[in-house]
Structures are given as structure tokens and as C-alpha cells.
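Here's the structure, in C-alpha cells; my notes come after.
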Amino acid sequence: AVAESDAFGADVHYVSHTNASTNTVGGGTVAGCRPIIYAGSQRGEALAKCMVARRGEVYDGPITLNRRADLYELRVPAAASYYEEHVFHDNAEDAAWFHGNLRAIAESAFWASIVASTRWIWSLQKSQFPQLSCLYSSPK
């Protein structure tokens, strides 16, 4: 996927994934969205700001942004990378929310990913794209 992303010249490398609890005692009770970005990436931070804000509009559970430098899918792509750990699929409530909100998840990811597109960002008009209000206070 990274080679395809780089060959395409993508502005965003987006990984869509669900999580599972590693705690055998808490298995099925851990909840939340835990996205990951590459540690130290300014474009990743700008993308995450918008992604987390948009996800918070559709998901009531906890959202915890993590930063890592060891994951191939974050470290290698030329594009800003965002590894979306949507929910815990071993939590029945999280899994039900996920399956019932696939369109809202896709829409929020699409609009938020535009923040990393240097080809679009300078031509956007705030009045044309109110979905991107998080963009206007993001760092360059």
C-alpha cells in the first residue's frame, strides 16, 4: 500500500484499522478511537487536528491521538500518514457503532484528509467548505 501511495503521489496515506484489547481481563470492555501519526510530522499533526475534530462529531467515545516512529505505514510514506484505529472490535458497543456509522466515518476521513493536500489547501474558500473549519487555524 505504501508503494502504491507513493507512486500515485498521494497527499495523505490513510490506514483504516480496528483495534482489539490486549488486556485479557478487560477484553471486550476497552473502547475508543486511537489514531496514530508519525512522531514529529507537522503535516501529520495538521491532519490529525482535523481528523480528531471531525471524528469527535460522529463518535461519542474517547479519542486518543498517539505518536509513533516505529510503524512502517507511518514512517515510510512520502505523504502525511494517518493510521486510524477506529474502535475496539472486541467491544460490542464500539463494533455496533462502527458498523452503523461507516458512511459518517468515511465522510469525516475524506474531509479531514484534505488538510494535508498542498494542492488544494491554498485555493479553499472558507465559505465553500464549512466542513473544513479546523483547517483555518492549522499550522502551515
Among the candidates Tyr72, Tyr83, residue that is of a type outside the set (S, T, N, Q), in contact (Cβ under 8 Å) with a residue 40 or more places away in the chain and touching a strand residue (DSSP E or B) at 6+ places or on another chain (Cβ under 8 Å): Tyr83
Residue in the range 65-80 that is more than 18 Å from Gly9 (Cα to Cα) and among the small types (Gly, Ala, Ser) present: yes
Condition broken by Gly61, with the remaining ones in (1) at pLDDT 90 or above; (2) touching a Cys at 6+ places or on another chain (Cβ under 8 Å); (3) open to solvent by 60 Å² or more (accessible area, probe 1.4 Å) satisfied: (3)
Flag if Ser41 is open to solvent by less than 60 Å² (accessible area, probe 1.4 Å) and modelled with pLDDT under 90: no
Qualifying positions in the range 38-59 - touching a residue at least 12 places away in the same chain (Cβ under 8 Å) and closer than 18 Å to Asp94 by Cα: Val52, Arg54, Arg55, Glu57, Val58, Tyr59
Test result for Asp6, modelled with pLDDT under 95, touching a Phe, Trp or Tyr at 6+ places or on another chain (Cβ under 9 Å) and of a type in the set (D, E, K, R): no
Failed criterion for Asp11 (all others in (1) surrounded by fewer than 19 Cβ atoms within 10 Å (Cβ to Cβ); (2) touching a residue at least 24 places away in the same chain (Cβ under 8 Å); (3) not hydrophobic (A, V, I, L, M, F, W, C) hold): (1)
Unmet criterion (only one of (1) under 13 Å from the mean Cα position of the chain (by Cα); (2) open to solvent by 30 Å² or more (accessible area, probe 1.4 Å); (3) touching a residue at least 12 places away in the same chain (Cβ under 8 Å)) for Glu93: (1)
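The values are calculated or read from the model by the stated rules, or taken from the named source; none is laboratory data. Values in this document were obtained by computation on a predicted structure and should not be read as measured data. Reconstructed Cβ throughout: ideal geometry from the backbone, glycine too, with neighbour counts over all protein chains shown. All accessible areas refer to the heavy atoms of the entire protein, side chains included, with ligands and DNA or RNA removed. Shrake-Rupley method; radii C 1.70, N 1.55, O 1.52, S 1.80 Å.
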